[in-house]
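Remarks on the structure that follows.
The values are calculated or read from the model by the stated rules, or taken from the named source; none is laboratory data. Please read these numbers as outputs of a predicted model, since none were measured by experiment. Ideal geometry is used to build each Cβ from the backbone, glycine not excepted, and the neighbour counts take in all protein chains shown. We work out accessible area using only protein heavy atoms, side chains counted, and drop any ligands, DNA or RNA first. Shrake-Rupley method; radii C 1.70, N 1.55, O 1.52, S 1.80 Å.
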Amino acid sequence: CMNYMLPPSYAWGNFSVLAVGIWAIVQRDSLDAITMFLTGLLLTVLTDIIHISIFYPSHDFLSDARRFSIGMAIFSLLLKPVSCYLVYRMYRERGGE
């Protein structure tokens, strides 16, 4: 997000899911918050794949800062299934079916 290689929708999507995640952590008894967080995580997996595949720069325009930025975006994408699993376990603990 800091290198402006990906569009603003990438940052807005991930930061809004982060805000819903903070809401889900703060309200421990809310099943709606954890459901919205899990749904947001699943949607951002799809949108991150689309953003990275469309806006990946060619090799000629890949500086060190851009390489680091895209590497962190891919690393975040790889960690999201683990986050989805942990959030799903929290969903089950709160009474979700």
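Axis of helix 8-26 versus longest Cα principal axis of the chain: the two differ by about 20°, to the nearest ten degrees. Extension gain for Ile22-Thr39 works out to 4.7 nm (0.36 nm per residue, less the C-alpha to C-alpha distance).
Computed from phi, the 3J(HN,Hα) profile of the stretch 30-37 under the Karplus parametrisation 6.51, -1.76, 1.60 (θ = phi - 60°) reads 8, 7, 5, 5, 6, 5, 5, 5 Hz, with x in place of Gly and Pro.
Solvent-accessible area of the chain (1.4 angstrom probe, protein heavy atoms only): carbon and sulfur portion equals 69 percent.
Overall shape of the chain was characterised from the C-alpha gyration tensor. The equivalent ellipsoid obtained from it has semi-axes of 31, 12, 10 Å, in decreasing order. With R₀ set to 30 Å, the beta-carbon distance separating Val82 from Ile54 gives a calculated FRET efficiency near 0.75.
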